[in-house]
Amino acid sequence: MRKILPLIAGLGALALLSLGASAPAVADLDHTTWANAGNNAVVARDCDGQPGVQCRAYFPDLEVGTQGELILVYRWASSHVGSVGDIRMKKSTDGGATWSGETIIASSSADLRDPSLTRLSTGRLILSYFTYDAVNKAVIRTETRTSDNGGASWAAPVAVTSTIPHAATSAKIIEVRGSGDLLIPLYGTQGSDPNSSVVIVRSTDKGASWSGNQKTVASGSGTVDWTEPAIAELEDGHLRILARTKGNGFQFDSYSGAYMTTWTATQDLGVPMHAPELFRIPGTNKVVNLWSQPAGSSRPVMVKMRYLDRYWGETQAETLYQPFRDNWDAGYSGTVLLGSSLVSAVYDSTVSGLFIQRYEVQDIEGAYTPKLDLLAEYNAGSVSISTDMTATDPAHPEMRPTGAIDGSTAYFNTAAKAGPAPATYTIDLKSVRQIGKIGISLKPQNPVDGNLYPESAVVYTSTDGITWTAVQTYSTANTTHLDAKLLGGTVSVRYVRVDITASAGWATLNEVALYGFAPYGFGHSQP
């Protein structure tokens, strides 16, 4: 267990911790470990010319350049709002593993916010953002800038004009197939209603001008305030917008090429959303959706695969990034397709970083079936355990070998060895089953003082108990959440083994969770 002090000897000492009732269990996975996740592309440091004032990266976006390089843009400022920020750029030629130095590509006496970057079919880069009066706390306007040399230089800003006098934007410009027109989604108040509306504005000259071509897609009203719309072309003539209110995210579509005239009624998706993004994977029926989802005092980034012939409720969302501890000032993903991989950038002000997450398309396809009830199966004799993590404590009977399969991530619901690593824990399912996701919680965070004590471990699967495949490795990891490893579809598994290789204090395994896999979603079960 994680102790108030590291290396407290014995469970008797552990029982003296004044924790009161057990911490609430985590019902399901709320963090996912992806391949190549966690690369910190931008680290906070003192603001230029302001010693002692720390600046951070906010609101990132990604694009792929003409040579396959990743291009990252972000706002650089000292706070989420209320400070002047500029827009900076970095590049990576190795898929996001390493990054170049930064370049300032847009600056002003105003705060430049929510940058997005799109590469057009001509190779031109077009950057969009909105300007903000940080003193008077008011949006000024949305602007775009273009570059025809890969970001080496940028044209002067072009204002995007519409019936919203002070419009903001937060998502990519799209280039419509066929016509080549550009569309930018905006939001803000128009007329006398204090609530924001969503409009799209069209450019017919590749971003040289934005005027005279707009459509109001959703009007603000006394009860609805529309913000942060994102737009995608799913099929020729079929556009979709995701936007949020003060509560849930909504979807609305335009068909038959009538994107400047006719849109469907809004559809409530039933999920709180901030800053959604969506795009279709070319040549497939797959549509990637991401959003930041307010959850109490935190704002994790969610990712969900959708299909052109499936409803919203037929596939599951996975947690792409869980902020470190509770933190609302995080998220705002920017995502691109790079080969068969998806690459997302997210920021987290708690750890003052901008992180690059790289993961495979197949990891977010289909849906994962409900968690296996391993404790019930153990009690019925259809699952067995082999482990040296057999420590018990009379004051906490939930601490026992089966504590790692009891479905709870509460502090004492755990399996532990009365001593440091190495330790091992093996689950035998008694038959080969199809598993799509494995959840692991190593040492639970101390719920009293929040102390973290890292642990290293390797997770293996096997069909025969002889040949083992390593599916996940943790190196001095703090698993503050039940962490998911997606197996890329379904894998034949009879045995799951967790080897604890290093620990601060007693070797501990808090929870193992196993899930099946339903390819291509659940079927038409929800509207």
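The values are calculated or read from the model by the stated rules, or taken from the named source; none is laboratory data. Keep in mind that this is a model prediction, so the values were computed, not measured. Every residue, glycine among them, receives a Cβ derived from its backbone with ideal geometry; neighbour counts consider all protein chains shown.
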Query raised in the report: Does SER292 count as over 22 Å from TRP328 (Cα atoms), among the polar types (S, T, N, Q), out of contact with any helix residue (DSSP H, G or I) (no Cβ under 9 Å at 6 or more places or on another chain) and buried (at least 18 other Cβ atoms within 10 Å of the Cβ)?
Result: no
Requested in this report: Please state which one of VAL301, VAL287 is modelled with pLDDT of 90 or more, buried (at least 23 other Cβ atoms within 10 Å of the Cβ), under 26 Å from ARG119 (Cβ atoms) and aliphatic (A, V, I, L, M).
Outcome: VAL301
Report summary line: Of the residues in the stretch 256-269 that are without any contact (Cβ under 8 Å) to a residue 24 or more places away in the chain and not polar (S, T, N, Q), the one that is surrounded by the fewest Cβ atoms within 10 Å (Cβ to Cβ) is ALA265
Query raised in the report: In the stretch 132-165, what residues are crowded, with 21+ Cβ neighbours inside 10 Å, part of a strand (DSSP E or B) and among the hydroxyl-bearing types (Ser, Thr, Tyr)?
Result: TYR132, THR142, THR144
Requested in this report: Could you list, in sequence order, all residues of the stretch 440-482 that are of a type in the set (D, E, K, R) and surrounded by fewer than 17 Cβ atoms within 10 Å (Cβ to Cβ)?
Outcome: ASP449, ASP464
Report summary line: Filter the stretch 115-139 for residues that are β-branched (Val, Ile, Thr) and touching a residue at least 40 places away in the same chain (Cβ under 8 Å); the one that is farthest from TYR74 (Cα to Cα) is THR122
Query raised in the report: With the stretch 182-246 as the region, which strands (runs of 3 or more DSSP E) entirely inside it contain at least 2 residues that are under 17 Å from PRO165 (Cβ atoms)?
Result: 182-188, 197-203, 214-218
**Report entry** Matching residues, the stretch 333-376, being in a helix (DSSP H, G or I), touching a strand residue (DSSP E or B) at 6+ places or on another chain (Cβ under 8 Å) and surrounded by fewer than 17 Cβ atoms within 10 Å (Cβ to Cβ)
**Finding:** GLN362
**Report entry** the stretch 233-255 residues that are on the phi > 0 side of the Ramachandran plot and among the small types (Gly, Ala, Ser), paired with ones that are at pLDDT below 90 and not in a strand (DSSP E or B) (beta carbon under 8 Å, 6 or more apart)
**Finding:** GLY237/TYR255; GLY237/SER256; GLY237/GLY257; GLY237/ALA258; GLY237/TYR259
Report summary line: Expected single match for over 21 Å from the mean Cα position of the chain (by Cα), assigned to a strand (DSSP E or B), polar (S, T, N, Q) and closer than 14 Å to SER147 by Cα among SER128, SER116 is SER128
Report task. Report whether or not ALA418 is touching a helix residue (DSSP H, G or I) at 6+ places or on another chain (Cβ under 8 Å) and either surrounded by fewer than 20 Cβ atoms within 10 Å (Cβ to Cβ) or at pLDDT 95 or above (or both). Result -> yes
Query - Filtered residue count, the stretch 300-332, keeping only those that are assigned to a loop (DSSP other than H, G, I, E, B) and closer than 18 Å to GLY353 by Cα - result: 9
Report task. Look at the stretch 460-510 and say how many of its residues are basic (Lys, Arg) and either modelled with pLDDT of 90 or more or farther than 21 Å from THR369 by Cα (or both). Result -> 2
Report task. Scan the stretch 66-89 and give yes if some residue there is within 21 Å of ILE356 (Cα to Cα) and of a type in the set (Asp, Glu), otherwise no. Result -> yes
Query - the stretch 184-194 - residue that is surrounded by 17 or more Cβ atoms within 10 Å (Cβ to Cβ) and farther than 20 Å from LEU290 by Cα and, of those, modelled with the lowest pLDDT - result: GLN190
Report summary line: Given (1) surrounded by 15 or more Cβ atoms within 10 Å (Cβ to Cβ); (2) at pLDDT 90 or above, GLY237 misses just (2)
Query raised in the report: Of everything in the stretch 85-104 that's touching a Leu at 6+ places or on another chain (Cβ under 8 Å) and in contact (Cβ under 8 Å) with a residue 40 or more places away in the chain, which residue is surrounded by the most Cβ atoms within 10 Å (Cβ to Cβ)?
Result: ILE87
